[in-house]
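Student: I'd like to ask you about the structure that follows.
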């Protein structure tokens, strides 16, 4: 568990599975200002974007996003899946 990275709130939430990548194109000057503002509040741009996405989901759906349990592999399953992808067959 970790404390959600929303300033001024003490909501404890389960850690998110952060494996998906979101790529956006924005004006470089806007990106620079965004990164500066993030640094001023001691947050990374990723933390702020995740917070914005959570807020948008809450605003649009009326409830916070909760991952479906059936789609949440256990930590052991994730580790073993990562290992099995990188295992090379033995040469004889």
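The values are calculated or read from the model by the stated rules, or taken from the named source; none is laboratory data. Because the structure is a prediction, the values reported are computed rather than measured. Every residue, glycine as well, gets a Cβ built from its backbone with ideal geometry; the counts of neighbours run over all protein chains shown.
Student: Provide a single number: the residues in the stretch 41-60 that are outside any loop (DSSP other than H, G, I, E, B) and surrounded by 11 or more Cβ atoms within 10 Å (Cβ to Cβ).
Tutor: Adding up the residues that qualify gives 13.
Student: Give me the residue from the stretch 10-40 that is surrounded by fewer than 10 Cβ atoms within 10 Å (Cβ to Cβ) and either modelled with pLDDT under 50 or assigned to a helix (DSSP H, G or I) (or both) and, out of that set, farthest from the chain's Cα centre (by Cα).
Tutor: For the stretch 10-40, the residue satisfying everything is 29.
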